[in-house]
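Trainee: The structure follows.
The values are calculated or read from the model by the stated rules, or taken from the named source; none is laboratory data. Note that the structure is a prediction, hence the values are computed from the model and not measured. Reconstructed Cβ throughout: ideal geometry from the backbone, glycine too, with neighbour counts over all protein chains shown. These area figures cover heavy atoms from the full protein model, side chains too; ligands, DNA and RNA do not enter into them. Shrake-Rupley method; radii C 1.70, N 1.55, O 1.52, S 1.80 Å.
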Amino acid sequence: MEFFLDTADIQEIETGLEWGLVDGVTTNPSLIAKQGKSYLKTVQEIARLVPGPVSGEVLATDFAGMMDQGKRLAALAENVIVKVPLTPPGLRAVGKLLEQGIRCNVTLCFSAAQALLAAKAGAAYISPFVGRLDDVGEDGMDLIEEIVSIYQNYDFDTKVLVASVRHPIHVVQAGQLGADVATLPFKVLEQLFKHPLTDIGLDRFLADWQKTGKSFED
Ligand code: G3P
């Protein structure tokens with residue numbers, strides 16, 4: 001299972017890379033807007049920093065605009081994956097960009113039917129938004145289960161990228177269901193480390209050794 005960071009914050013990405021736990025990065029217009037920097041330059045900076053796939057999203061919603069922006073995003077670096085919304089022009093762009101060797105991540109997926117369309121269009125990744133489904137009273141992880149089982153029935157190359165992750169349980173369930181990737185806000189990556197018994201246990205080990213009055217070398 002791969003972990004991507006869902007962020008445009010360079011410091012968060014650097015820390016995740018230092019930890020050796022980040023396989024890629026996903027961005028979106030909201031995340032880049034929070035940084036207050038140039039759109040294309042931010043995607044380029046991230047793609048230079050991260051060895052793995054970096055998703056940069058088109059801002060256009062029409063086919064020609066998505067093709068133009070998709071090509072410009074892909075030209076920034078070899079590891080850029082073009083993120084397009086799950087709309088008819090978006091999926092048309094997925095197929096056309098693929099003909100030119102450009103891989104796409106189809107975003108804003110909220111149903112298994114949409115995920116099936118994205119796979120048929122030739123998406124490299126499908127991004128179902130689990131947290132936003134939870135927010136409207138559905139179970140986002142049910143959608144992951146549906147998509148994984150449908151994709152398993154066929155020979156699709158599309159990877160299931162669990163997005164809109166809000167807490168560690170989403171990540172664990174994504175693993176249980178066999179999702180290929182979870183894209184995590186940095187806070188959730190930090191939360192994955194946490195267990196009170198780890199902290200208590202570590203304090204106790206160190207206190208016990210300190211009581212001996214001896215050092216590491218003794
Ligand atoms: O990057 C897409 C997705 O992960 C957004 O998550 O928290 O805005 O629903 P969220």
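Trainee: In region 1-106, with Lys and Arg counted as +1 and Asp and Glu as -1 at Cβ, which of these residues, I32, A93, L73, has the Cα nearest the positive end of the dipole, that is, farthest along it?
Mentor: My answer, from the dipole projection, is A93.
Trainee: Considering all alpha-carbon pairs of region 14-123, what whole percent are spaced by more than 17 angstrom?
Mentor: In whole percent, the share of Cα-Cα pairs in region 14-123 beyond 17 Å is 52.
Trainee: Under 24 Å between alpha carbons: how many lysine pairs meet that in region 1-160, if sequence neighbours fewer than 8 apart on the same chain are excluded?
Mentor: Lysine pairs satisfying the spacing and distance rule in region 1-160 number 15.
Trainee: How large is Rg over Rh for region 107-177, taking Rg from the Cα atoms and Rh as the Kirkwood inverse mean of 1/r across Cα pairs?
Mentor: Computed over Cα atoms, the ratio is 0.94.
Trainee: Would you mind working out the accessible area per residue for the chain, using a 1.4 Å probe, and quoting it in Å²?
Mentor: Heavy-atom accessible area per residue stands at 53 Å².
Trainee: When only alpha-carbon atoms count, how far does region 72-198 stretch along each of its three principal axes, as whole angstroms with the largest first?
Mentor: Computed over the Cα atoms, the extents are 52, 32, 27 Å.
Trainee: Once you put a point 7 Å from the Cα of E78 and another 7 Å from the Cα of K41, both along the Cβ direction, what distance in nm separates them?
Mentor: About 2.6 nm, to one decimal.
Trainee: Still on this structure, I have one more. With n ≥ 4 as the cut-off for DSSP H runs, can you work out [θ] at 222 nm for the chain, using -39500 (n - 2.57) per run divided by the number of residues, rounded to the nearest 500?
Mentor: -15500 deg cm²/dmol
Trainee: If you don't mind, there's one more thing I want to ask. Suppose the chain between I10 and Q152 were pulled fully straight at 0.36 nm per residue; how much longer would it get relative to their current alpha carbon spacing?
Mentor: 47.6 nm
Trainee: Would you grab the residues whose amide H sits under 5 Å from the one on R103? Only those 5+ places off in sequence or on another chain, please, with H modelled 1.01 Å from N.
Mentor: It is V82, by chain and number.
Trainee: Given axes a ≥ b ≥ c from the Cα gyration tensor, I'd like to know whether region 1-79 is rounded (a/c under 1.5), prolate (a/b larger than b/c) or oblate.
Mentor: Prolate is the answer for region 1-79, as a/c is 1.5 or above and a/b outweighs b/c.
Trainee: Here is a follow-up. Using alpha carbons only, how many angstrom separate the centre of region 161-215 from the centre of region 84-131?
Mentor: Region 161-215 and region 84-131 have Cα centres separated by 32 Å.
Trainee: Another question, then. Nothing charged except the Cβ atoms of Lys and Arg (+1) and of Asp and Glu (-1): what's the magnitude of the dipole of region 2-212 about its Cα centre? Round to the nearest 20 debye.
Mentor: The calculation lands at about 600 debye.
Trainee: In addition: Leaving out ligands, DNA and RNA, and with a 1.4 Å probe, what % of the accessible surface on the chain is carbon or sulfur? Walk me through the numbers on the way to the answer.
Mentor: Details: 6110 of 11560 Å².
After summing per-atom areas, the C and S share lands at 53 percent.
Trainee: Just need the Rg to Rh number for the chain, please, alpha carbons only, Kirkwood Rh.
Mentor: Over the Cα atoms of the chain, Rg/Rh equals 1.08.
Trainee: Let me ask something else about it. Near G101, within a Cβ-to-Cβ distance under 13 Å, what is the net charge of the other residues, with Lys and Arg +1 and Asp and Glu -1? Please list the in-between numbers first.
Mentor: Working: positive: K71, K96, R103; negative: E78, E99.
In short, +1.
Trainee: With springs only between Cα atoms under 10 Å apart, run a GNM on the chain and tell me which of T27, T198, T42 wobbles the most.
Mentor: Maximum among the listed residues: T198.
Trainee: Using amide H atoms built 1.01 Å from N in the peptide plane, name the residues 5+ places from K159, or on other chains, whose amide H lies under 5 Å from its own.
Mentor: Y125, I126
Trainee: Order 154-160, 176-182 from most to least packed using the mean count of other Cβ atoms within 10 Å.
Mentor: Per-residue mean Cβ counts within 10 Å order the peptides as 176-182, 154-160.
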